[in-house]
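The values are calculated or read from the model by the stated rules, or taken from the named source; none is laboratory data. Here the structure is a predicted model, which is why all the values come from computation and not from measurement. Quick reminder, even Gly has a Cβ in these numbers, built from the backbone with ideal geometry, and neighbours come from all protein chains shown.
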Amino acid sequence: MTLSFTLADTDGAARAGVLHTAHGDVPTPVFMPVGTAGTVKAMTADAVRATGARMVLGNTYHLMLRPGEQRIARLGGLHRVMDWHGPILTDSGGFQVMSLSQLRTIDRDGVTFRSHIDGSQHRLTPARAVAIQHALGADVTMVLDECTPFPATEEQAAASMRLSMDWALRAREAFIPREGHGLFGIVQGGVYPTLRGESVAALTGIGFEGYAVGGLAVGEGQETMFSVLDATVPLLPRDRPHYLMGVGTPADILGAVARGIDMFDCVMPTRAGRTARAYTRHGQMNLRNARFADDARPLDPECACPACARHSRAYLHHLFKAGEMLGPMLLTWHNITYYQDLMRGLREAILEHRLADHTAALHAAWTAGEMEAEET
């Protein structure tokens with residue numbers, strides 16, 4: 001059997017379920033910390049586990065370049081190499097098709113990249129992307145797609161989406177089914193509901209173990225992103241996981257969960273941790289701000305991470321001002337913990353049919369915290 005999904009309960013369009021994989025079960029909604037190059041930046045695998053994270057993400061393009069998928073395979077696979085015993089999802093490299101547009105050329109059969117590291121040339125086709133992820137040992141393999149940039153005309157978005165649908169079929173044909181592993185298709189179509197519907201129809205006609213919504217959080221704004229989800233998610237198979245790629249802020253996640261999304265990933269909490277920004281139950285804080293220099297309070301008194309349980313805001317402020325690497329380590333640990341606590345709270349609220357009240361309370365606490373920060 002390939003990877004499977006059990007839907008436990010719903011609250012409106014929001015869903016609580018369990019993703020069953022070769023490396024364990026994952027309660028959903030779930031946020032996956034990003035470990036692009038085989039590591040969640042500034043974190044050991046034990047530290048990531050301590051946050052409550054159950055599943056992480058790696059990247060086909062970056063791991064293909066270094067250390068190389070065959071080397072990882074010889075060393076026992078990505079799980080063993082990075083000491084992560086839970087499930088791993090690997091992005092196919094499709095995002096880099098957009099983000100590295102100056103270093104690649106696209107044709108009907110795939111993408112040719114010039115390495116951003118040493119300029120060497122590399123080729124990704126739908127079958128090659130699947131083969132790399134197989135060598136890595138990913139529990140969830142993603143199809144190679146063209147992540148449509150924003151803005152794009154409807155004509156441009158249609159051509160991009162239809163190319164991705166062709167690649168999705170080739171990826172499905174190349175995927176080797178095995179116990180607890182699965183292949184996810186990716187819905188494209190820009191901000192155009194008709195194209196999104198066409199993409200869903202093409203993907204469901206092929207058949208995948210899960211369905212991702214791609215090409216969002218690329219500059220279109222939250223209101224537009226939510227409207228695309230409103231048009232797209234109801235079309236997805238109810239018995240398969242729904243994954244929103246590369247999203248996002250806590251507020252983005254609340255809105256997407258309410259619309260039926262089960263899985264998320266984003267670099268935001270780790271990147272913020274490295275730049276002194278903390279996500280808390282009372283909104284964001286910039287620990288470089290001088291107002292924290294004498295603040296003896298914990299960052300978030302309700303958080304059990306080491307940054308909050310053992311240190312003060314003043315100490316965290318000092319670490320960043322002094323350029324000490326412990327600052328980014330502690331704040332990354334905190335941010336990932338916050339995201340995991342956020343997802344756990346959403347799941348519990350869905351199971352208890354109180355998601356609307358829970359979401360309203362979260363927004364109210366963030367607003368109150370921002371108002372307090374403006375007054376100090």
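Scanning the range 45-62 for residues that are touching a helix residue (DSSP H, G or I) at 6+ places or on another chain (Cβ under 9 Å) and of a type outside the set (Phe, Trp, Tyr) returns Ala47, Val48, Ala50, Thr51, Gly52, Ala53, Arg54, Val56, Gly58, Asn59, Thr60, His62. Residue count for the range 70-99 under the criterion of being within 19 Å of the chain's Cα centre (by Cα) and on the phi < 0 side of the Ramachandran plot: the result is 18.
In a residue-by-residue description of the range 44-54, the property of being touching a Cys at 6+ places or on another chain (Cβ under 9 Å), of a type in the set (S, T, N, Q) and either more than 30 Å from Pro328 (Cβ to Cβ) or in contact (Cβ under 8 Å) with a residue 40 or more places away in the chain (or both) applies to at least one position. Only one entry in Glu173, Glu223, Glu198, Glu179 is surrounded by 15 or more Cβ atoms within 10 Å (Cβ to Cβ) and more than 16 Å from the chain's Cα centre (by Cα), namely Glu198.
Evaluating Thr112 against the criteria (1) buried (at least 17 other Cβ atoms within 10 Å of the Cβ); (2) β-branched (Val, Ile, Thr); (3) over 21 Å from the mean Cα position of the chain (by Cα) leaves one unmet condition, (1). Just name the residue that is surrounded by the fewest Cβ atoms within 10 Å (Cβ to Cβ) out of those in the range 326-351 that are free of Cβ contacts under 8 Å to residues at least 24 places away in the same chain and closer than 22 Å to Gly17 by Cα. The selected residue is Glu348.
None of Gly221, Gly185, Gly189 is modelled with pLDDT of 95 or more and out of contact with any helix residue (DSSP H, G or I) (no Cβ under 6 Å at 6 or more places or on another chain) except Gly221. Among the numbered conditions (1) crowded, with 21+ Cβ neighbours inside 10 Å; (2) more than 30 Å from Ala8 (Cα to Cα); (3) hydrophobic (A, V, I, L, M, F, W, C), tell me where Ala373 comes up short. Single failed check for Ala373: (1).
The set of residues in the range 75-91 being in contact (Cβ under 8 Å) with a residue 60 or more places away in the chain and in contact with a strand residue (DSSP E or B) (Cβ under 7 Å, 6 or more places away or on another chain) consists of Leu78, Gly86, Pro87, Ile88, Leu89, Asp91. Just to be sure before I move on: is Ile186 surrounded by fewer than 24 Cβ atoms within 10 Å (Cβ to Cβ) and not in a helix (DSSP H, G or I) in the structure I sent? Answer is no for this residue. Among the candidates Gly93, Gly119, which residue alone is of a type outside the set (D, E, K, R) and either farther than 22 Å from Phe184 by Cα or touching a Pro at 6+ places or on another chain (Cβ under 6 Å) (or both)? So the residue among Gly93, Gly119 that is of a type outside the set (D, E, K, R) and either farther than 22 Å from Phe184 by Cα or touching a Pro at 6+ places or on another chain (Cβ under 6 Å) (or both) is Gly119. Filtering the range 54-73 to residues that are in contact with a strand residue (DSSP E or B) (Cβ under 8 Å, 6 or more places away or on another chain) and of a type outside the set (A, V, I, L, M) leaves Arg54, Gly58, Asn59, Thr60, Tyr61.
Exactly one residue out of Ala360, Ala364 is without any contact (Cβ under 8 Å) to a residue 40 or more places away in the chain, within 25 Å of the chain's Cα centre (by Cα) and either loosely packed, with under 13 Cβ neighbours inside 10 Å or under 25 Å from Val34 (Cβ atoms) (or both), and it is Ala360.
The selection criterion, being of a type in the set (A, V, I, L, M, F, W, C) and within 27 Å of Met55 (Cβ to Cβ), does not hold for Leu316. Scanning the range 63-94 for residues that are within 18 Å of Leu124 (Cβ to Cβ) and either in contact with a helix residue (DSSP H, G or I) (Cβ under 6 Å, 6 or more places away or on another chain) or crowded, with 22+ Cβ neighbours inside 10 Å (or both) returns Leu63, Met64, Glu69, Ile72, Ala73, Leu78, Leu89, Thr90, Asp91, Ser92, Gly93, Gly94. Checking Arg170, Arg196, Arg162, Arg178 one by one, the residue that is assigned by TED's automatic domain parsing to the domain that holds Ala127, part of a helix (DSSP H, G or I), within 30 Å of Gly86 (Cβ to Cβ) and out of contact with any Lys or Arg (no Cβ under 8 Å at 6 or more places or on another chain) is Arg170 and no other.
When the range 200-221 is filtered for residues that are under 17 Å from Arg259 (Cβ atoms) and part of a helix (DSSP H, G or I), only Val200 remains.
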